[in-house]
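The values are calculated or read from the model by the stated rules, or taken from the named source; none is laboratory data. What you are looking at is a predicted structure, and each value in this text was computed from that prediction instead of being measured. Cβ sites come from the backbone with ideal geometry, for glycine too, and all protein chains shown count toward neighbours.
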């Protein structure tokens, strides 16, 4: 167990270093960092001095090392566009994105997994057919379009729910939450649904496919031949075997919710990291892009680590040596 | 020689007798989807002839006809079936031209991703060892980032290295590369795992015993045997690519408004949503959904038809 | 006859399909009594497996029972609801499936699977159920059952897992057990143990057992009575000795005559009454034909193939860095094959016999030792081009007829590939003519050239494979289990074809098989492989009469004895 986790941890660190390298290369070579920091009228000498003081003349590996060291301490430099420390910008917006992603993830899982199981167990029933039609619609509707339709219906036509921003937030230390005010709670409904729909439909389809695969195996057939009850077969044997591969997939899905939040945040003007990132991309604000990339990589690495450990717990073939 | 008379049935005859065609004729969903896909592709390819107006010919666009509702509404004009946008461009015509851009980006990026992914998958699966480990690590890392994020990053980098007007001009190519680079992993993984199965099959060893070089075995023997799943992925990814292009354009980092795709059109219309001019957004949106839905239905059907185990 | 436990009357099983209903079983009548083993034997596609599934209501969709009755101790069970059938499955009819590796839930301990099944049928407390689970494991011969019961399936070997599967089938003391190919996935030595166990259980517990199999050896070993199935119909039922010794139905006769005899070597397999139409093998005048030319390879003094101290190691990397292990697949093996002889290599799965074939043909790289072919050490050759000169003289026929030909290519292109690649003809027209001739010669007919492999059966595909191997005009042919995936009647045809070709073209052969009777019929000398080592090399007849090495003795003792097997000449005389 310890060996397994430490191996995975080591791999995660390597992945982070590689992503860091990409982020650094982005920062160093896309556009000229000096040009982005100084005005047009700066003299050549001043630029030279700045280049020297920023250490941009050092060997590549030294610069990379410094970049990593700074990043580990949470220092990602200054935003070209907003002239503020990137870490502060991200810390400010992080709670908004995390709250949105969390609500969507819970929504997608709580609805998606049971629907996937049901459609696999009763493939011919009316509900299964409806679920599959809905899920096909779900993967075919771009997230931004879902957002627009929800805004049009619940915001513009019915005027029930707010269509942009987070509403009122409460500061809890450095964390700002929208969960404690009624306007905050109302504001999160439409964005969370928007973000959850696509992920949910994917989860339905993946769970269904895995479960159907398991239901075709010999051990399920042998379980039927022993006269075990369908309840026991479906929910104890089949479901547990389905969960093994599904854990990985769901881990990846939950991770990608944070990235897909970019679109939702853009549609609903939700003041999160995604909105910050999309503005950074269109204005070529490299330090923000690099920091966001690293942060997302970090989230993924953590999720992957959790998934691997879960895998280990669920599957005795990994846990117990033969 | 009596060869000609006993020659094998032609490709078309074989196709008409195949289970695939039989299956197709018996699934109304797939037939409707194929029909709709055909209509949209046809309209997009022949937009010059089908569209009632040329929305990008400034001479024919009249600003006074701006923001007209669809023809069946009270203020609508019969010449503008689905209404006009703020600049007086016919919405129906912009949809046709927009679909063209969306489809070009979709097909090109899927093709790009497929070629890259298949090549990597073939090499990785056949070579094995260190080459395989390295390529698959790269794929793993990339796979943990959603395609949309990678596409955004690549687009961001492109904006960083080229001036704005050049970027706008090359927007379509940048998109193709961005989407293609973010989609190759799935082909690579699927092809790799198929190759690893095929590689150990005896027909491959038979080729080795004959003395065939590896590349002939790969191209002539293994490749045709792994194309089934690739076709399914390509279909489903065409839908995804169209969605991704639309999303990027909607976010303002895709195709510029001067030659809009469906996503750009929805973005333009989105600004008018609150003032009641819903048609500028909704109709391109409907076109996009119908296209993507049809392709997805075809993809699902193809997957089930090629994998009889699932039925 | 004693009380009939299970009585199947006029059972019909149908599978609706695109091309109309397929009748998998037609008017099948079978009975089994307490303490009796009924063997149901037939070749692939005979419909034997669907009967077991139909009885317990587990037919795979879209299959259905089209008619007939099944009585379990006098009670009709066809047409019962799934809920009622569930009380029968496991409790009164137990089932054993073919593949022990996939029959057990990988995520549950053996204890949990046994206890779950026991408590479904019997009203026992957790502690009592556990005790019963342990005693069941003991009954099926699993050592140290009270510790093993808490292990997961992957911690057991294949044979042990099949014992667990049998324990699971016995949980609720069923009256009848249906065993579908229970030993097919196992090695011969394990197979014998499992069959002994089944026999013992039937005698001790007085259950009735139906064993469904394609293997005449299994029938000879355990069955009291036999039912022979052919294309969904039971053609003959009778006591085992009668069926094996003097069957009435022509199909049974031909089936039994095709079984390779372990006791005497025959020049050819008796001609099988046509089960699968194999076209006439057309004669070619080899003095004038392309195939007969360029056969003068020059006389080499020594053996054609001389293998010395061959080594091959498979490294399996641990999943997470740890647990790397090395397997010596081939461990210091030396042998030689003389010009014109057929050298057999026999051994159980994993003994390294197929690896040797792949080393000799340079598919795998050797880890040590040398392979001298016609005086040249192939392991020393670095360039592929040079190697190809020798490869052309050396061809191979593979085990699995369904994967050994590329299903995306036409038969013509499959066979022409080596000719085109090695540029053995001067024109495309000549190539085509040769392919047509080869197809005629192996009994497929020239018309096969424009078809795709999926239009052919397993035996016919094996003929394609043989034609492809002949297309380089080889002098040395390696056959790696060429008939183990085929039905016995087809096996006899293919083996006859190989014998004919060897004689006619003067081929030298290396014949790899796990099947001792086949080896006896085919080979002049034999090497016995065990765990990567070649433990004994002897003349075939000598080996079968007086094996020297312990392992060879063991293997030969496991051969089915077929006591009282039909005397073919007498049988044929009677039939005519």
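Brief remarks on what is shown
- Enumeration of residues in the range C:398-450 that are on the phi > 0 side of the Ramachandran plot and crowded, with 18+ Cβ neighbours inside 10 Å: C:443
- Of the candidates A:190, A:185, A:161, the single residue that is within 30 Å of residue B:272 (Cα to Cα) and within 19 Å of the chain's Cα centre (by Cα) is A:190.
- Qualifying position, being at the interface with chain B (Cβ under 10 Å from one of its Cβ atoms), more than 19 Å from residue C:485 (Cβ to Cβ), at pLDDT below 90 and in contact with a helix residue (DSSP H, G or I) (Cβ under 9 Å, 6 or more places away or on another chain), among C:432, C:392: C:392
- Scope the range C:520-542; condition within 30 Å of residue C:246 (Cα to Cα) and in contact with a helix residue (DSSP H, G or I) (Cβ under 7 Å, 6 or more places away or on another chain); matching residues: C:520, C:521, C:522, C:523, C:540
- Single residue of A:189, A:220, A:203, A:193 found to be within 14 Å of chain C (Cβ to nearest Cβ), in a helix (DSSP H, G or I) and touching a residue at least 12 places away in the same chain (Cβ under 8 Å): A:220
- Scanning the range C:95-113 for residues that are under 19 Å from residue C:158 (Cβ atoms) and not in a loop (DSSP other than H, G, I, E, B) turns up C:95, C:96, C:110, C:113.
- Taken over the range A:157-192, the residue count meeting the criterion of being touching a strand residue (DSSP E or B) at 6+ places or on another chain (Cβ under 6 Å) and on the phi > 0 side of the Ramachandran plot is 0.
- Filter pass, residue C:486 being more than 8 Å from chain B (Cβ to nearest Cβ) and either over 23 Å from the mean Cα position of the chain (by Cα) or modelled with pLDDT of 90 or more (or both): no
- Residue ranges of strands (runs of 3 or more DSSP E) in the range C:1-66 with at least 2 members touching a helix residue (DSSP H, G or I) at 6+ places or on another chain (Cβ under 6 Å): C:22-33, C:37-41
- Per-region count, the range C:446-466, residues assigned to a helix (DSSP H, G or I) and more than 18 Å from residue C:485 (Cα to Cα): 5
- Of all residues in the range C:375-426, those satisfying the criterion of being in contact with a strand residue (DSSP E or B) (Cβ under 8 Å, 6 or more places away or on another chain), over 27 Å from residue C:458 (Cβ atoms) and not in a loop (DSSP other than H, G, I, E, B) are C:377, C:378, C:379, C:380, C:390.
- Taken over the range C:172-192, the criterion of being under 26 Å from residue C:130 (Cβ atoms) and surrounded by fewer than 18 Cβ atoms within 10 Å (Cβ to Cβ) is satisfied by C:173 alone.
- Search result, residues across the range C:106-136 that are facing another protein chain (nearest Cβ under 9 Å), closer than 23 Å to residue C:186 by Cα and buried (at least 24 other Cβ atoms within 10 Å of the Cβ): C:113
- The listed residues are A:147, A:227, and the only one of them that is touching a strand residue (DSSP E or B) at 6+ places or on another chain (Cβ under 7 Å), over 20 Å from residue A:116 (Cβ atoms) and modelled with pLDDT of 85 or more turns out to be A:227.
- Residues in the range C:430-445 that are touching a residue at least 60 places away in the same chain (Cβ under 8 Å), assigned to a helix (DSSP H, G or I) and under 28 Å from the mean Cα position of the chain (by Cα): C:438, C:440, C:441.
- Selection from the range C:218-245 of residues that are surrounded by fewer than 22 Cβ atoms within 10 Å (Cβ to Cβ) and either out of contact with any helix residue (DSSP H, G or I) (no Cβ under 7 Å at 6 or more places or on another chain) or assigned by TED's automatic domain parsing to the domain that holds residue C:519 (or both): C:231, C:233, C:237, C:238, C:239, C:241, C:242, C:245
- Looking across the range A:135-161, just one residue is more than 11 Å from chain B (Cβ to nearest Cβ), more than 17 Å from residue A:267 (Cβ to Cβ) and in contact with a helix residue (DSSP H, G or I) (Cβ under 7 Å, 6 or more places away or on another chain), and that is A:160.
- Taken together, the residues in the range A:145-163 that are under 20 Å from residue A:107 (Cβ atoms) and in a loop (DSSP other than H, G, I, E, B) amount to 4.
- The range C:82-101, subset surrounded by fewer than 23 Cβ atoms within 10 Å (Cβ to Cβ) and free of Cβ contacts under 8 Å to residues at least 40 places away in the same chain, residue nearest to residue C:179 (Cα to Cα): C:88
Results for (1) farther than 28 Å from residue C:531 by Cα; (2) without any contact (Cβ under 8 Å) to a residue 24 or more places away in the chain; (3) buried (at least 16 other Cβ atoms within 10 Å of the Cβ), shown as yes or no for each residue.
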{"position": "C:357", "(1), (2), (3)": "no, no, yes"}
{"position": "C:362", "(1), (2), (3)": "no, no, yes"}
{"position": "C:366", "(1), (2), (3)": "no, no, yes"}
{"position": "C:382", "(1), (2), (3)": "yes, yes, no"}
{"position": "C:388", "(1), (2), (3)": "yes, no, yes"}
{"position": "C:396", "(1), (2), (3)": "no, no, yes"}
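Conditions tested, residue by residue: (1) within 30 Å of residue C:94 (Cα to Cα); (2) more than 9 Å from every other protein chain (Cβ to nearest Cβ); (3) surrounded by 24 or more Cβ atoms within 10 Å (Cβ to Cβ).
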residue	(1), (2), (3)
A:249	no, yes, no
A:253	no, yes, no
A:269	no, yes, no
A:293	no, no, no
A:303	no, no, no
A:307	no, yes, no
A:312	no, yes, no
A:316	yes, no, no
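- Any hit, the range C:336-356, residues being within 14 Å of chain B (Cβ to nearest Cβ), at pLDDT 90 or above and part of a loop (DSSP other than H, G, I, E, B): no
- Going through (1) within 12 Å of another protein chain (Cβ to nearest Cβ); (2) closer than 24 Å to residue C:502 by Cα; (3) touching a helix residue (DSSP H, G or I) at 6+ places or on another chain (Cβ under 7 Å) one by one, residue C:421 falls short only on (2).
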